[in-house]
Amino acid sequence: MMDKRILAPVVVTIVLVLYFTGFLVVAVNIIDPLWVKIVGSVVPLILMGVSVYVLVERVKEIRGGEEDDLSKY
């Protein structure tokens, strides 16, 4: 069962990945020059990867007991 504290980061990551996927589809289908298609494809792919990486790190923090990172400072 999913913890309530994990639900928000998962939802935000799903929304971001869907947004970047939409941007990727538009960049590939509408823009004409090849180099613009490549840049328009690579940037969203990198951002999707970073979003998933941050989600995995956040889930590890929550499961490890570090619920609030600001409490350290």
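Here, each number is a calculation from the coordinates, and none is a lab measurement. Since this is a predicted model, take the numbers as computed values, not measurements. Note that we place each Cβ from the backbone using ideal geometry, even for glycine, and neighbour counts take in every protein chain shown.
Given the peptides 28-37, 5-14, arrange them by the average over their residues of other C-beta atoms within 10 Å, most packed first.
Working: 28-37: 10.3, 5-14: 13.3.
Sorting 28-37, 5-14 by mean packing, highest first, produces 5-14, 28-37.
So how tilted is helix 34-63 from the main axis of the chain? Cα-based, degrees 0 to 90, rounded to 10.
10
Determine the principal axes of the Cα atoms in the chain, then give the extent along each, sorted from largest to smallest and rounded to whole angstroms.
For the chain, the Cα extents along the three principal axes come out at 49, 28, 14 Å.
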